[in-house]
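A quick write-up on the structure given underneath.
The values are calculated or read from the model by the stated rules, or taken from the named source; none is laboratory data. Here the structure is a predicted model, which is why all the values come from computation and not from measurement. Cβ atoms come from the backbone with ideal geometry, glycine included; neighbour counts cover every protein chain shown. The area values use the complete protein model at the heavy-atom level, side chains included, leaving out ligands, DNA and RNA. Shrake-Rupley method; radii C 1.70, N 1.55, O 1.52, S 1.80 Å.
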Amino acid sequence: MPLRSLNKEQYKAATAPFGKNLVIASAGTGKTSTIVARIGYLLHKGIKPEEILLLTFTNKAALEMIARVARFFDKKIVSKIESGTFHAVSYRLLKKYKENVVLKQPSELKILLKSIYEKRTFHHIQTDTKPYTPAYLYDLYSLYQNKLPKKDFGEWLLEKSPEHEPFSLIYEDILDEFRELKSRFGYVDFNDLLIDMRELLKKRRIFFKEILVDEYQDTNRLQSSLIDSFAFDSLFCVGDYDQSIYAFNGADINIIASFKERYKDGKIFVLKKNYRSSKEILSLANRVIKNNPRIFPKELEVTRSGDFPPPKLLIFDELFEQYREIAQRIEKSSTPKEEIAVLFRNNSSADGIEASLRELGVGCKRRGGISFFDTKEIKAALDLYSIIVNPKDMMAFIHIFEYAKGIGGVFAKELFDALYLLGEGNIIKGLISPKDIKNPFKIRRVKNHQLGLFDDFEEFGSVGRFKKFGFEERFFSNPTLKHPKFNDESIKFYYAFYLFVKNTKNLHSPKSIVFAILNSSIFKHIALVLAKRRATMKDGSVDENLKKDILERIERKISLLLDLSKNYSDSKRFLNAMLLGSKEMSEGEGVNLLSVHASKGLEYKEVYIIDLMDGRFPNRKLIQRGGDIQEERRLFYVAVTRAKDILYLSYAKYDRIKKIDYNPSPFLKEAGLLRE
């Protein structure tokens, strides 16, 4: 029986009488062991496995728990336990009791909604407000479903966005037809699974002797209402209000906080013994989290003995200096690299540490964000670099011209082939000093109506139409400008590419080439395209402040690339290191780079929490948009309690890219590492 390995607190919780039981399981207190023991206890008491429902935050967690139970009981018995996420369980039960269920991804259903939306017209309505796009209307409706307000969608929408009242009847008509079509074909998305399951439970009694809920602090109102819709004799919820960090995803901390109010006969069990962290690390975590309201009294107790270093605060004058010195500290550490983690609040914080680790040849793997080397801006910069180093790189050329309005992949390849011909295998030569060929484009008169193939352009365009832009005469004389597909936007992009090549072709050092890329008009154009895409809201508008922030982040990334280039003298070696080494450095074995959200549930011997500056951690922008300092503090608590033996916390005083000074995070003062 798994009960044998439990401490007194865990045993008391795992063997609790049937009823409404809530177990407050703080970081490192053996939450999973307690749940596994509880399931074992139920089976030992003669509860049938099919009368047990286990609801988890991830399907992986459910599989791991069931596998651990199977060490003590026959696998055939354990396999009958209903387990998985709310969505997975709902899907299986709906399929069991209701035949017509077809799960569709939100992206697919957005297409369906769009087809309904486009049959309507908004032009007759006199208002300065723009109607929501179909995609935004879908997301708004999903949010409404998740929130479970006690009013219909129209009322809820008008309360939230009164300026959309002129469109409200059209929105509701669109959604009525959308719901009818989904019902006719049995289509459901993830929210619908829970809603349909709840509706089914109103008509059909589905009974479980006990329902166990893991990560209870992360449930939302819809999930909570679904739990209560089942018929059950006993409820066993496990969670920690101090680790509720998913409010942005709909989690409602009030669900765990109001447990005793909703279940008058409910019992609370608290697991206090921490088996993960050293005394000093745990003490720091407790000092900070006690500044949040105490929903249930608790004080974690240390079980580990030994001589561990106290948490250390690292203070740096400049942001990049922080990343470099932490990377150097990690390189020299005797801790196995797989047992080291660098945690960050914002994904942009990871770029500097990732680049600095690469510079030292230290492997790393990144979770909870896109690798520095996989971002579109770095790939674009390296494509521009590659053209200078290898003028035969067709794919780099095509990727660059993906950012040109009016130039698709087919046109870009035609352009590359023409420059390749004009330059006798060197597109730089073909652009700057081309051979005298009047028609560098191979005209293939392919017309296959059956296959839909048309590859034929019969006449060149007039170059004179571009005289208004005042381009250099040498550029104007290039025969590729006669291609009829060029328009005003694409020709300006092509000219920016010409200027970049002309100004960079004689550079040889990696540093000088990257510097030229950073200051080129073509890269600035690419950066603007990316910033606009990322700052475009779901309703089609562009958030100009966000766009400005994104441009600063892109500039920061290229500055990091520039720092990396300083350590190389050979341009091809630098390119190979960036292109070939990036996959090895960002995947596989090595130091773990994680967002705090991605680190939840994990533990490491040595942990670095970086960029602890007020504004970045806590993230003041998110607080202004509806977050709160209490959730940011819970995030800090989660980050600190990932560390077992060694903990470093760091901040920098100045950012040389943004040219701004930073104050330390208030959490460092609460932790007692800084004086007021």
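Of all residue pairs spaced 6 or more apart or on separate chains, those with beta-carbon atoms under 8 Å, a first member in region 296-312 that is among the aromatic types (Phe, Trp, Tyr) and a second member that is open to solvent by 100 Å² or more (accessible area, probe 1.4 Å) are 308/279.
Okay, residues lined up against (1) closer than 20 Å to residue 491 by Cβ; (2) touching a helix residue (DSSP H, G or I) at 6+ places or on another chain (Cβ under 6 Å); (3) outside any loop (DSSP other than H, G, I, E, B); (4) modelled with pLDDT of 85 or more:
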site: 401; (1), (2), (3), (4): yes, yes, yes, yes
site: 412; (1), (2), (3), (4): yes, yes, yes, no
site: 416; (1), (2), (3), (4): yes, yes, yes, yes
site: 419; (1), (2), (3), (4): yes, yes, yes, yes
site: 428; (1), (2), (3), (4): yes, yes, yes, yes
site: 444; (1), (2), (3), (4): no, no, no, no
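Give the residue, chosen from 79, 26, 33, that is in contact (Cβ under 8 Å) with a residue 12 or more places away in the chain, surrounded by fewer than 22 Cβ atoms within 10 Å (Cβ to Cβ), over 25 Å from the mean Cα position of the chain (by Cα) and closer than 27 Å to residue 295 by Cα. So the residue among 79, 26, 33 that is in contact (Cβ under 8 Å) with a residue 12 or more places away in the chain, surrounded by fewer than 22 Cβ atoms within 10 Å (Cβ to Cβ), over 25 Å from the mean Cα position of the chain (by Cα) and closer than 27 Å to residue 295 by Cα is 33.
Within region 360-375, restricting attention to residues that are surrounded by fewer than 18 Cβ atoms within 10 Å (Cβ to Cβ) and touching a residue at least 60 places away in the same chain (Cβ under 8 Å), the residue that is farthest from the chain's Cα centre (by Cα) is 363. Just to be sure, is residue 474 at pLDDT below 90 and within 32 Å of the chain's Cα centre (by Cα)? Against the criterion (at pLDDT below 90 and within 32 Å of the chain's Cα centre (by Cα)), residue 474 does not qualify. So how many residues does region 473-513 have that are charged (D, E, K, R), in contact (Cβ under 8 Å) with a residue 12 or more places away in the chain and within 22 Å of residue 438 (Cβ to Cβ)? Qualifying residue count, region 473-513: 3. Could you go through region 194-205 and let me know if any residue there is open to solvent by less than 10 Å² (accessible area, probe 1.4 Å), more than 15 Å from residue 137 (Cα to Cα) and in contact (Cβ under 8 Å) with a residue 12 or more places away in the chain. Within region 194-205, one or more residues are open to solvent by less than 10 Å² (accessible area, probe 1.4 Å), more than 15 Å from residue 137 (Cα to Cα) and in contact (Cβ under 8 Å) with a residue 12 or more places away in the chain.
Whenever a residue of region 390-406 is more than 12 Å from residue 428 (Cα to Cα) and open to solvent by 10 Å² or more (accessible area, probe 1.4 Å), its partners that are assigned to a loop (DSSP other than H, G, I, E, B) and not aliphatic (A, V, I, L, M), lying with C-beta atoms within less than 6 angstrom and at least six residues away or across chains, give the pairs 406/487.
Looking at region 275-325, which of the residues that are closer than 23 Å to residue 256 by Cβ and part of a helix (DSSP H, G or I) is most open to solvent (accessible area, probe 1.4 Å)?
Checking each candidate, the answer is 287.
Just to be sure, is residue 242 modelled with pLDDT under 90 and either under 24 Å from the mean Cα position of the chain (by Cα) or outside any loop (DSSP other than H, G, I, E, B) (or both)?
Yes: the conditions hold for residue 242.
Of all the residues in region 219-246, those that are open to solvent by 10 Å² or more (accessible area, probe 1.4 Å), touching a residue at least 24 places away in the same chain (Cβ under 8 Å) and over 20 Å from residue 42 (Cβ atoms) number 8. With respect to residue 555, is the statement that it is in contact (Cβ under 8 Å) with a residue 60 or more places away in the chain and open to solvent by 60 Å² or more (accessible area, probe 1.4 Å) true? Criteria met by residue 555. For region 624-665, the set of residues classified as open to solvent by less than 40 Å² (accessible area, probe 1.4 Å) and among the β-branched types (Val, Ile, Thr) consists of 638, 640, 641, 646, 657, listed by residue number.
If you filter region 160-188 down to residues that are charged (D, E, K, R) and modelled with pLDDT under 85, you find that the one that is most open to solvent (accessible area, probe 1.4 Å) is 184. Residue-level analysis places residue 501 among those that are more than 30 Å from the chain's Cα centre (by Cα) and either within 30 Å of residue 171 (Cα to Cα) or open to solvent by less than 50 Å² (accessible area, probe 1.4 Å) (or both). For residue 436, state whether it is under 24 Å from residue 566 (Cα atoms), open to solvent by 60 Å² or more (accessible area, probe 1.4 Å) and at pLDDT below 85. The answer is no for residue 436.
Considering only residues in region 96-120 that are surrounded by 15 or more Cβ atoms within 10 Å (Cβ to Cβ) and of a type in the set (Val, Ile, Thr), the one that is nearest to residue 186 (Cα to Cα) turns out to be 101.
Find the residue count for region 155-168, including only residues that are part of a helix (DSSP H, G or I) and either within 29 Å of the chain's Cα centre (by Cα) or without any contact (Cβ under 8 Å) to a residue 12 or more places away in the chain (or both).
Count: 8.
Can you say whether residue 675 is without any contact (Cβ under 8 Å) to a residue 40 or more places away in the chain, farther than 19 Å from residue 348 by Cα and either open to solvent by 20 Å² or more (accessible area, probe 1.4 Å) or in contact with a helix residue (DSSP H, G or I) (Cβ under 9 Å, 6 or more places away or on another chain) (or both), as far as the supplied structure shows? Against the criterion (without any contact (Cβ under 8 Å) to a residue 40 or more places away in the chain, farther than 19 Å from residue 348 by Cα and either open to solvent by 20 Å² or more (accessible area, probe 1.4 Å) or in contact with a helix residue (DSSP H, G or I) (Cβ under 9 Å, 6 or more places away or on another chain) (or both)), residue 675 qualifies.
Does residue 563 count as among the acidic types (Asp, Glu) and open to solvent by less than 50 Å² (accessible area, probe 1.4 Å)? Answer is yes for this residue. Might you let me know whether region 133-143 holds any residue that is open to solvent by 30 Å² or more (accessible area, probe 1.4 Å), at pLDDT below 85, out of contact with any Lys or Arg (no Cβ under 7 Å at 6 or more places or on another chain) and outside any strand (DSSP E or B)? Yes, region 133-143 contains a residue that is open to solvent by 30 Å² or more (accessible area, probe 1.4 Å), at pLDDT below 85, out of contact with any Lys or Arg (no Cβ under 7 Å at 6 or more places or on another chain) and outside any strand (DSSP E or B).
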